[in-house]
Structures are given as structure tokens and as C-alpha cells.
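Below is one structure, written out as C-alpha cells, with a few remarks after it.
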Amino acid sequence: MNQRLTVLMSSLPAHLDAAIITSRVNRRYYLGLSSSAGTLVVTRSAVFFFIDGRYREAAGALDGDITLLPSEDITTELPALMARLGVRTAGVESGYLTLAALESLRARLPGCVIAADSALNELILAQRRRKSPREVALLRAAQHASERAYLNLLNFIRPGRTEKEMALELYRLCRMEDGVEAAHTDLLLSGPNGSRPHGMAGDRAVRPGEFVTMDFGAVIDGYSADMTRTVAVGEPTDEMRGLYELVRRAKDTATLAVAPGIACAEVDAVARRVIAEGGYADEFCHGLGHSIGLEGHEDPRFRADSNACVEEGLVMSVEPGVYLPGRLGLRIEDLIYVGPDGVESLNETATDLVVLA
């Protein structure tokens with residue numbers, strides 16, 4: 001049995017006889033298999049995986065003593081399995097299961113109590129929170145692939161290019177990198193559109209003297225990079241240069257504050273103080289960062305309302321920004337790893353302001 005499943009089996013909450021895992025991300029975490037469907041049943045002594053014919057060959061290569069069952073018969077086979085195992089109470093992923101899916105599961109298993117409390121969900125997220133050396137290596141590889149794509153994109157960005165054109169080219173460049181299976185590149189904005197932190201690339205063409213902000217990441221084996229770079233197309237104004245340096249200083253200052261044990265809210269506050277001292281407290285309108293792994297946004301997060309503390313094993317983003325509605329916006333984002341030897345940036349590209357002629 002692989003180590004992740006072994007940990008889950010030995011850590012099941014006392015009130016649960018089994019875990020029923022149906023979310024795509026958690027199936028991938030425990031099995032290493034990317035699939036659009038499948039039901040994983042985990043007890044303290046055995047693991048069963050209901051999977052359909054599309055993935056049966058791939059599932060046959062899974063490590064460990066996992067019993068594969070045909071999902072075409074799950075309506076009858078799942079109740080029979082639970083009865084055979086003597087499962088009286090099963091937990092589900094309360095953070096991922098829809099109400100309709102929960103009701104369907106309860107109807108399918110009338111002889112079993114389906115516990116929809118947060119116990120199993122919290123256990124799984126706690127296990128996923130600290131990244132293994134392999135996970136860190138995948139995130140680092142995805143980050144470096146993203147950076148190479150970004151550096152190549154700089155040769156493509158010029159006045160007259162639309163946001164969509166640049167976003168599509170960035171996607172193509174990411175996907176051309178070895179091992180990259182997907183990429184997120186739609187958050188690419190220019191000029192006044194940059195004041196919308198999560199706006200989507202549209203038909204607007206970039207003009208001389210404007211910022212282009214791109215928030216993107218390549219995905220390798222399910223693990224997504226996340227980085228934001230803001231570049232100037234043509235000569236920026238003094239105001240633009242000043243804002244850029246303010247945001248960069250906030251990112252660097254907050255990064256230096258990160259250490260195991262420090263409150264995530266305090267790291268957020270460090271960056272926020274820098275932005276406020278520059279006179280733009282109200283223009284930094286989102287949290288400073290988030291954890292990342294198989295999902296683009298995971299907990300804990302650098303936010304004012306966070307009750308969590310930084311701990312060893314986390315990979316988190318640090319991404320302050322300033323947004324002036326209707327005028328411009330910018331953000332700079334790096335990923336950091338809180339490792340046994342200290343805090344390490346997973347990025348290699350510098351954050352000096354790039355000015356494209």
C-alpha cells in the first residue's frame with residue numbers, strides 16, 4: 001500500500017468505519033491516477049476502487065494492494081461491499097461533495113450512516129497540506145517551465161497585441177515545455193483592465209506606456225505553478241515605476257518575514273503595512289497569498305482573517321498588488337517553500353521591472 005493511503009487508513013476518525021472519496025483531486029492524491037470518475041473506499045484494513053472501463057488499464061498499474069471493482073455495477077456493488085465489510089458509518093469529503101451527491105449516496109446506502117461532518121475532510125486536507133519532497137520537486141519543475149514560457153513570451157508582447165493573443169501564446173509556450181499537461185493563462189490583462197485582479201483576457205489591444213499583468217502557471221503531474229509578472233510595454237511613467245517598486249518591496253519584505261510558527265495573518269500584515277506606507281492601503285484588495293499543490297488555491301492562506309500559522313512543508317504564494325480602478329493595476333507573485341533549511345523561493349526569474357521597447 002502506498003504511504004498516503006497507509007496514513008489515511010491508520011488515521012480514520014474513531015466514529016468512522018470507512019471513508020468514501022469521490023473528488024477528482026483527492027482520488028489523484030491517494031492513487032496518483034487522473035480520472036474524471038471513480039469512487040475510493042478506504043477502511044482501516046483495505047482499499048477498494050470502483051472505476052469504469054475507460055481507466056481500468058491505468059488503474060491496473062496502481063501500486064499497493066487495491067481491489068478494483070467495476071463502477072458500472074456500483075449501485076448494487078457499493079451497498080454489497082459495505083454490508084460485507086460491516087461498515088455502519090462512512091465519512092465523506094464535506095468540502096467537495098454536492099448536496100445532491102450526498103443525498104444520492106444516502107439513498108444508495110440506507111443501511112449505512114453517511115457522516116457529512118468535517119472530520120474526514122479536515123483529515124485529508126491536513127495530510128495534503130505539508131508537501132513531500134516529490135511534490136516540491138513537481139511544483140519547482142512546473143514553476144521553472146512557467147518561467148521559461150514567460151521569458152519567451154516577452155518576445156511576443158508588443159503594442160497592438162490583444163490580451164487573448166498573448167494569453168493563447170503563453171498557453172502554447174507552457175504546453176510546449178517537457179512534462180507540462182495543462183496551463184492556466186487566462187488572467188492576462190493590459191492597461192486599465194489590470195485594475196481587476198482576476199479579470200479574464202479579452203479583445204483589448206495593449207498600447208505603448210501600459211502595464212501587462214499575467215497571472216499563470218503550467219501544470220506537471222497535477223501540480224500547478226502560480227506566478228504573476230507585470231511588465232511595461234514602452235516607457236512607463238514615474239508613477240508606474242513607483243508603484244511597481246512599492247509592490248516589489250511589499251513582496252520582498254513579507255517573504256523575509258515568513259518562518260515556521262509565524263501567524264499567516266501577520267505575514268499578510270507585513271505586506272499590507274508596506275503598501276499602506278506608500279499611500280495605497282485601500283488599493284490592495286485581496287489576501288497576500290495561499291498554499292498550492294494539486295489545487296491552485298489551498299489552505300492555509302496569508303489573509304487578515306486567517307487563524308493558521310506557517311509550518312514546515314508548506315508551499316505558498318506571496319502576491320501583493322495595487323489596483324487603481326479604470327487606470328491600471330499590477331501584481332508580483334512568487335512561490336516559496338518552507339523547508340527544513342529555511343524559506344526558499346521556487347522562482348528563478350528576477351522581479352526587476354521589465355520594460356519592453
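Answer yes or no as to whether A271 is open to solvent by less than 40 Å² (accessible area, probe 1.4 Å), modelled with pLDDT of 95 or more and farther than 30 Å from R27 by Cα.
Values: open to solvent by less than 40 Å² (accessible area, probe 1.4 Å): yes; modelled with pLDDT of 95 or more: yes; farther than 30 Å from R27 by Cα: yes.
Judged against the criteria, A271 is a match.
Within the set of pairs 6 or more residues apart or between chains, which connect a residue that is within 21 Å of S224 (Cα to Cα) inside segment 157-180 to a residue that is among the polar types (S, T, N, Q) with Cβ atoms less than 6 Å apart?
Filtered contacts from segment 157-180: A167/T185; L170/T185; Y171/T185; L173/N152.
Determine, yes or no, whether A137 is surrounded by 16 or more Cβ atoms within 10 Å (Cβ to Cβ) and of a type in the set (G, A, S).
Numbers: surrounded by 16 or more Cβ atoms within 10 Å (Cβ to Cβ): no; of a type in the set (G, A, S): yes.
For A137, the condition - surrounded by 16 or more Cβ atoms within 10 Å (Cβ to Cβ) and of a type in the set (G, A, S) - is not met.
Restricting to segment 43-64, name every residue that is acidic (D, E) and in a loop (DSSP other than H, G, I, E, B).
Once the filter is applied, which keeps residues that are acidic (D, E) and in a loop (DSSP other than H, G, I, E, B), segment 43-64 yields D52, D63.
If a residue has to be surrounded by 14 or more Cβ atoms within 10 Å (Cβ to Cβ), at pLDDT below 95 and either charged (D, E, K, R) or under 23 Å from the mean Cα position of the chain (by Cα) (or both) to count, how many in segment 40-54 make the cut?
Result for segment 40-54: 1.
Specify the residue that is farthest from R172 (Cα to Cα); the eligible residues are those in segment 140-156 that are of a type in the set (D, E, K, R) and open to solvent by 10 Å² or more (accessible area, probe 1.4 Å).
Our first condition is that a residue be of a type in the set (D, E, K, R); within segment 140-156, this holds for 140, 147-148.
Now drop any that are not open to solvent by 10 Å² or more (accessible area, probe 1.4 Å), which leaves 140, 148.
Numbers: R140: 20, R148: 12 Å.
Among residues in segment 140-156 that are of a type in the set (D, E, K, R) and open to solvent by 10 Å² or more (accessible area, probe 1.4 Å), the one farthest from R172 (Cα to Cα) is R140.
Tell me which of these A19 doesn't satisfy, since it passes every other one: (1) under 21 Å from A126 (Cα atoms); (2) outside any strand (DSSP E or B).
If we test A19 against (1) under 21 Å from A126 (Cα atoms); (2) outside any strand (DSSP E or B), just (2) comes out false.
Quick check on my filter: what residues within segment 274-295 are within 24 Å of Y29 (Cα to Cα) and in contact (Cβ under 8 Å) with a residue 40 or more places away in the chain?
So the first thing to find is which residues in segment 274-295 are within 24 Å of Y29 (Cα to Cα), and the list is 289-295.
Result: G289, S291, I292, G293, L294, E295.
Please determine whether any residue of segment 78-95 is over 22 Å from the mean Cα position of the chain (by Cα) and β-branched (V, I, T). Talk me through it step by step, then tell me what you get.
Initially, segment 78-95 is screened for residues over 22 Å from the mean Cα position of the chain (by Cα), giving 78-91.
If we keep only those that are β-branched (V, I, T) too, we end up with 87, 89.
There is at least one residue in segment 78-95 that is over 22 Å from the mean Cα position of the chain (by Cα) and β-branched (V, I, T).
Which of the strands (runs of 3 or more DSSP E) found entirely inside segment 190-293 contain at least 1 residues meeting this: under 20 Å from L154 (Cα atoms) and of a type in the set (A, V, I, L, M, F, W, C)? Steps first, please.
Details: elements: 210-220, 227-233, 289-291.
Passing ranges, in order: 210-220, 227-233.
The values are calculated or read from the model by the stated rules, or taken from the named source; none is laboratory data. Keep in mind that what you see is a predicted model, and the values were worked out from it rather than measured. FYI the Cβ positions are ideal-geometry reconstructions off the backbone, even for glycines, and counts take in every protein chain you see. Quick note on the areas: whole protein, heavy atoms, side chains included, nothing else; ligands and nucleic acids left out. Shrake-Rupley method; radii C 1.70, N 1.55, O 1.52, S 1.80 Å.
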